[in-house]
Amino acid sequence: MNELESYIHHHFGISPVDCQRVSGLFVTETLDKGDYFLRSGKFCDKLSFIETGILRVYVNLPEREVTQWIGTTGFFVTDVQGFMFRNTSRFNMQALTDMRLFTITYEGYLMMGKLVPKWHEFEKMFMGKCFVMLENRVFDLISMSAEERYHKLFDQNRELFNQVPLQYLASMLGMTPELLAGFEGKWFLDFCQEHTSCFAPMFDLIKN
């Protein structure tokens, strides 16, 4: 199984044979760093699974950019307004790194119901998982402090802090870059205090 087939099989319980039928409708697509998966004002007629790489979803407002989401390995990406309802997109989707995707067109997506008899059941499960993820994000924004949101993202996906510009992460978390930088600095100081014996030789060198 490739990464897409493994994901579908693991998360939706589709048989290996049906996984192959579904994945056969996808084609491999690559994006170079800086390339756009989608630009605002355009129709999105594809759904992609991220095999490798990082994708930023953002919108341009009159005075600033707002990062709506950072997509990483193992996530699906599309613009629901365009893909499901045939409306133009408000979002830009840009590769922050080189990317490799498995992509299916809207026409190919419609074919799934003919290839896999139970596909509509799996589709409901897929959409349900998407709504749960959205519900959790909204709940975090209204119930957690900025620092709590920072710690949650750091604990769940800390590699992003080495790969994604700070201002994008801050925007996605609903805070200023300065506030996020302050949380990072506080985390580093707390880490140093908890591991004083490890850092003592370095501090001695600095003093000398």
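Computed from the coordinates by the stated procedures, all read-outs in this text should not be read as laboratory data. Note that the structure is predicted; figures quoted are calculated from it, not measured. Cβ sites come from the backbone with ideal geometry, for glycine too, and all protein chains shown count toward neighbours.
The table for this structure:
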item: Globularity ratio of region 3-143, using Cα Rg and 2.2 N^0.38 Å; result: 1.07
item: Cα-only Debye scattering, region 22-89: base-10 log of I(q)/I(0) at q = 0.17, 0.20, 0.23, 0.24 Å⁻¹; result: -0.68, -0.93, -1.19, -1.27
item: Where labels lie 7 Å past Cα in the beta-carbon direction, separation of L141 and E107 in nm; result: 3.6
item: Lysine pairs in the chain with Cα atoms under 25 Å, if 8 or more residues apart or on separate chains; result: 12
item: Candidates R64, R158, R149: whichever shows maximal mean-square fluctuation once the chain is modelled as a Gaussian network with Cα springs under 10 Å; result: R64
item: From phi via Karplus (6.51, -1.76, 1.60), per-residue ³J(HN,Hα) for region 7-16 in Hz, x at Gly/Pro; result: 5, 4, 5, 5, 8, 10, x, 6, 4, x
item: Options S145, L134, L96, ranked by Cα towards positive dipole end of the chain, top entry (Cβ charges); result: L134
